[in-house]
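The values are calculated or read from the model by the stated rules, or taken from the named source; none is laboratory data. The shown structure was predicted, so the numbers you read here are calculated from the model rather than taken from an experiment. Every residue, glycine among them, receives a Cβ derived from its backbone with ideal geometry; neighbour counts consider all protein chains shown.
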Amino acid sequence: MATDHGSTGDVKLLAGGNPQIPKGDGDGPVQAYLAAMPDWKGEIGRHLDDLVNEVAPEARKAVRWNSPFYGVEGNGWFLSLHCFTKYVKVTWLNGAQLDPPPPVTSKDERVRYSNIATLDEIDDDQVRDWIRQAAQAPGDPLF
């Protein structure tokens with residue numbers, strides 16, 4: 001199925017530049033979200049999506065709560081993205097299980113975050129390793 005990655009239509013940007021994308025399953029809604037991410041945030045989002053596609057091509061995709069989610073059927077969601085004013089928050093829904101764990105803690109002891117402000121901040125090898133681990137570990141059961 002072909003997807004138009006360049007068309008954002010009339011997508012409303014919420015606080016921090018986060019695209020308001022309707023809830024939906026599959027790559028289409030995720031690609032609509034990524035295309036609507038403003039400026040440098042979109043570069044980060046597309047790069048992370050490419051890394052997920054490379055490392056975990058079996059990952060299911062969806063948009064929930066104006067954020068793209070990545071998961072493995074029967075294992076739950078393991079990753080989501082969200083735009084804030086100065087960074088893209090990468091939520092590792094099973095991040096406490098990752099070795100080493102992503103750097104930012106959460107009120108939820110299972111969750112860890114990576115806050116990325118520039119494409120240069122992404123350590124591709126580390127992110128690939130986290131994706132590999134996260135896709136294999138039990139994720140958020142709200143799949």
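So how many residues does region 99-133 have that are touching a His at 6+ places or on another chain (Cβ under 7 Å) and of a type in the set (Val, Ile, Thr)?
Here the count works out to 1.
Quick one: in region 45-78, which of the residues that are over 10 Å from the mean Cα position of the chain (by Cα) and among the acidic types (Asp, Glu) is nearest to Arg110 (Cα to Cα)?
Applying the filter and picking the extreme gives Glu73.
Residue-wise test of (1) buried (at least 17 other Cβ atoms within 10 Å of the Cβ); (2) closer than 20 Å to Lys23 by Cα.
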| site | (1), (2) |
| --- | --- |
| Met37 | yes, yes |
| Arg46 | no, yes |
| Ala59 | yes, yes |
| Ser80 | yes, yes |
| Tyr87 | yes, no |
| Ser106 | no, no |
| Asp120 | no, no |
| Val127 | yes, no |
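Can you tell me which residues in region 109-119 are outside any loop (DSSP other than H, G, I, E, B) and either on the phi > 0 side of the Ramachandran plot or in contact (Cβ under 8 Å) with a residue 40 or more places away in the chain (or both)?
Ile116, Leu119
Among Asn75, Asn115, which is the only one that is modelled with pLDDT of 95 or more and closer than 28 Å to Pro22 by Cβ?
Just one listed residue meets the conditions, Asn115.
Scanning region 129-143 for residues that are part of a helix (DSSP H, G or I) and in contact with a helix residue (DSSP H, G or I) (Cβ under 9 Å, 6 or more places away or on another chain), which turns out surrounded by the most Cβ atoms within 10 Å (Cβ to Cβ)?
Ala134
Could you list, in sequence order, the residues of region 72-108 that are in a strand (DSSP E or B) and among the aliphatic types (A, V, I, L, M)?
Listed by number, the residues that qualify are Val72, Leu79, Leu81, Val88, Val90, Val104.
Right, Thr91: buried (at least 22 other Cβ atoms within 10 Å of the Cβ), out of contact with any helix residue (DSSP H, G or I) (no Cβ under 6 Å at 6 or more places or on another chain) and under 20 Å from Asn18 (Cβ atoms) or not?
When the stated conditions are applied, Thr91 passes them.
Would you point out which residue out of Gly45, Gly16 is at pLDDT 95 or above and either among the hydrophobic types (A, V, I, L, M, F, W, C) or not in a loop (DSSP other than H, G, I, E, B) (or both)?
The match here is Gly45.
Given the residues Asp25, Asp10, which is the only one that is at pLDDT below 95, exposed (fewer than 14 other Cβ atoms within 10 Å of the Cβ) and of a type in the set (Asp, Glu)?
Asp10
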